2 protein chains.
Amino acid sequence: MQRIAARPLTKMAFEPFGDVIETEGLMPRIINKGFARRFTDLCRVDTAEAGGTTGVSIFEASPRVLPIRLDLMERHPLGSQAFVPLSPDPFVVVVGWTGSGDIADLEAFVSNGRQGVCYARGVWHHPLLALVEQRFLVIDRLGSGRNLEESPIASAITVELP
Amino acid sequence: MQRIAARPLTKMAFEPFGDVIETEGLMPRIINKGFARRFTDLCRVDTAEAGGTTGVSIFEASPRVLPIRLDLMERHPLGSQAFVPLSPDPFVVVVGWTGSGDIADLEAFVSNGRQGVCYARGVWHHPLLALVEQRFLVIDRLGSGRNLEESPIASAITVELP
């Protein structure tokens, strides 16, 4: 049994995999006569490949059993995929798989619940790893074409939460 | 002083103005080996006009003082604009303005906090009307061109909550 330690999600650490959707550290534009603060363009939406369009969906996720056992990785060769939690509960993000079965480069992060993620096109990631019943807004590509590749994780790997 | 009564937000009532982003009444697709339910394509993302792209932003809204006094209406002639609350708190939506100053066709709705809205391109709407400090994920058009029209509301109109 191997374990990977999850660390807090940060823009810097997540940069090779896509965007962290958060307002932390950013200066907003004040709008609506002071009643709102706008933080614009927080992730790259990359969905137009092969005639794709941008879709808005909701995922309802059930909590994983602890310790979280990793199962398979997936990636979307034709588009980015953003997940933004609709309640401020932490959830786990696992990326870094090369598809070769080598786990040495797997990385696990924990969102603080005010952070979403946008996987860049083609980035391997584990399917949603929620810790409670949690809803997510998902922004990804709609359209024809083969936009899902899966890669099972054969060895037993669990994620150690901080 | 005129008052308009806000009613619960429903897809049917909001249909002339755009989409209600919600899962209520929809059948999901079961994904992630049963760990998630996917509700796909919940609003029309209409952002490509005049070279526009789709942007993901966060708005932080401050609560309005009750009773809510309407101030001005705005619309985006070049693109749709979706607001999805990042906490399950009710908020108010006002639409229906024709830009002529006639308030007879104003309509007010209250989201149950699990509902977002997507204003169709060109639909007049009031800026965000939050009842508590609340964050929203916003999906709208990025790009050049004049994408904001405003129309002040001269007469005194308040919204009556249910």
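The values are calculated or read from the model by the stated rules, or taken from the named source; none is laboratory data. The structure displayed is predicted, hence computed values, not measured ones. Cβ placement follows ideal geometry from the backbone for every residue including glycine, while neighbour counts extend to all protein chains displayed. Only protein heavy atoms, including side chains, enter the accessible area calculation; ligands, DNA and RNA are left aside. Shrake-Rupley method; radii C 1.70, N 1.55, O 1.52, S 1.80 Å.
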#### Entry: Two-site FRET efficiency, A:GLU24 against A:VAL132, from Cβ-Cβ distance with R₀ of 22 Å, rounded to 0.05
0.50
### Message
Measuring nothing but label to label, 7 Å from Cα along Cα→Cβ, what are B:GLY113's distances to the other copies in nm, shortest first?
### Response
1.4
### Check: segment A:43-82 dipole with +1 on Lys, Arg Cβ and -1 on Asp, Glu Cβ, in debye
140
### Prolate/oblate/rounded label for the protein assembly as shown (Cα gyration tensor, a/c 1.5)
prolate
### Task
Give a residue-ordered list of calculated ³J(HN,Hα) values for segment B:144-158 (Karplus: 6.51 cos²θ - 1.76 cosθ + 1.60, θ = phi - 60°; whole Hz; x for Gly, Pro).
7, x, 7, 10, 9, 10, 10, 9, x, 9, 6, 7, 7, 10, 10
#### Entry: Reachable lysines, given that their alpha-carbon falls under 30 Å from the alpha-carbon of A:LYS33 and they are not under 8 places away in the same chain
B:LYS11
### Message
What distance in nm lies between label points placed 7 Å from Cα along the C-beta direction at A:LYS11 and A:SER62?
### Response
3.7
## Note on the structure
Rounded to the nearest 100 Å², the accessible area buried between B and A, both sides, probe 1.4 Å, is 3800
### Query
In terms of solvent-accessible area of protein heavy atoms at a 1.4 angstrom probe, what is the ranking of A:SER155, B:SER87, B:SER144, highest value first?
B:SER144, A:SER155, B:SER87
### Summary
Whole-Hz Karplus couplings 3J(HN,Hα) for segment B:118-129, θ = phi - 60° and coefficients 6.51, -1.76, 1.60, Gly and Pro as x, run 10, 6, 5, 3, x, 7, 5, 8, 7, x, 2, 10
## Note on the structure
Averaged per residue, the 1.4 Å probe accessible area of the protein assembly as shown, protein heavy atoms only, in Å², is roughly 44
### Query
Where a ≥ b ≥ c are the square roots of the eigenvalues of the C-alpha gyration tensor, would you call segment B:6-121 rounded, which needs a/c under 1.5, or, failing that, prolate if a/b is larger than b/c, or oblate?
prolate
#### Entry: Neighbourhood charge, 13 Å Cβ-Cβ cut-off, centred on B:ALA130 and excluding it, Lys, Arg +1 and Asp, Glu -1
0
### Message
If I stretch the segment between B:GLU149 and B:ILE31 completely, what's the gain in nm (0.36 nm per residue apart, minus their alpha carbon distance), one decimal?
### Response
38.3 nm
### Task
Express the relative contact order of segment A:12-162 as a whole percentage, based on alpha carbon pairs under 8 Å and six or more residues apart in sequence.
36
### Query
At A:ALA48, with labels set 7 Å past Cα in the Cβ direction, how many nm apart are the copies from this one, shortest first?
0.9
